[in-house]
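Some notes on the structure that comes next.
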Amino acid sequence: MSDALPLSVRNIRKKFGTHEVLKGISLDAHQGDVISLLGASGSGKSTFLRCINLLEIANEGEIWVDGEQLRWHHKAGKTRVESQKQVDRIRSELGMVFQSFNLWSHMTILQNVIEGPVHVLKRPRADCIAEAEALLEKVGIADKRHAYPAHLSGGQQQRAAIARALAMKPKVMLFDEPTSALDPELVGEVLRVMRALAEEGMTMLVVTHEMSFARNVSNRVVFMKEGLIESAGTPDDMFGEGASAAFRQFIGNFGH
């Protein structure tokens, strides 16, 4: 597998009990790609991201991150990873931003951001603090660095979560509906940060219902339906004449 690809996924399948949520998903992310994953609730988008980030272990398929293949094996009907050390290393190269922020409530925002670099990457604390403060400045919440998550708005918490993920210097950023838990007036501030990351060349996979982001910021749009990729293409293709009937019906629900 080419080491030029930050992420390559081949034929990922995932079952929960007898229910097959992912039915064979393949996707390549090239450096600087911003890929929007669209689809109705239950189409498998979030499960796909969780399999990439190893929060769920796929039943079949291959995952390559920066040219390294995740190793797993099947035994007694279960899939197990071969090396937790490899999982930890690969997971550190995949920044994950959840819809529910997932900040540590007992830590200040600055402590949240430096926790991974200090304790996982074993980097000097002073360096981590300096980089964390620069990241908080970048996402527009430097003045909140000594506050606790409960004292921030949802939009500010999500921007802190993005800074925390970036602090690990990931190869790829994974966003799982990062604005869905926010009040409408706070959505824009998070999307602006994501747009800036895209413009800087960060490779991103974004599960989202924000059609304007998919259309104007992504360079690829992937439409998932019932555990499969139903169609994929450039935003111009997907939102233009080349759209599949299923995708046209899907975006019709958003008034586009």
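We did not get these values from a lab; they are worked out from the coordinates using the rules stated. Computed from a predicted model, the values in this text were never measured in an experiment. Counting neighbours? That spans all protein chains shown, and the Cβs are built from the backbone with ideal geometry, glycine included.
In this model, which of 144/169; 75/122; 122/144; 171/225 are farther than 31 Å apart at the alpha-carbon? Correct reply: 75/122.
Placing unit charges on the Cβ atoms only, positive for Lys and Arg and negative for Asp and Glu, gives region 118-256 a dipole magnitude near 560 debye about its Cα centre. Relative to the current alpha-carbon distance between residue 254 and residue 76, full extension at 0.36 nm per residue lengthens the span by 59.6 nm.
The mean sequence distance of close C-alpha pairs (under 8 Å, at least 6 residues apart), as a share of the length of region 1-149, puts its relative contact order at 19 percent. Over the residues of the chain, the helix contribution to mean residue ellipticity at 222 nm works out to -10000 deg cm²/dmol, using -39500 (n - 2.57) for each DSSP H run of at least 4. Spin-label model, residue 102/residue 84: points 7 Å from Cα along the beta carbon direction are separated by 1.8 nm.
Restricting region 56-101 to GluC sites (Glu not before Pro) that sit in a DSSP loop and have at most 13 other Cβ atoms within 10 Å of their own Cβ leaves 82. Placing a label point 7 Å from the Cα of residue 126 along the Cα-to-Cβ direction, no residue of region 138-169 has its backbone N under 14 Å from that point.
Measuring nothing but how far apart in sequence close Cα pairs (under 8 Å, 6+ apart) lie, relative to its length, the chain scores a relative contact order of 26 percent. Sparse packing (at most 14 other Cβ atoms within 10 Å of the Cβ) combined with a DSSP loop state is found for the following chymotrypsin sites (Phe, Trp or Tyr not before Pro) in region 156-256: 254. The simple spin-label model puts a point 7 Å past each Cα toward its Cβ; for residue 246 and residue 219 those points are separated by 2.7 nm.
Label region 4-65 by shape, choosing from rounded, prolate and oblate, from the square roots a ≥ b ≥ c of the eigenvalues of the Cα gyration tensor; if a/c is under 1.5 it is rounded, and otherwise prolate applies when a/b is larger than b/c, oblate when it is not. Verdict is oblate for region 4-65.
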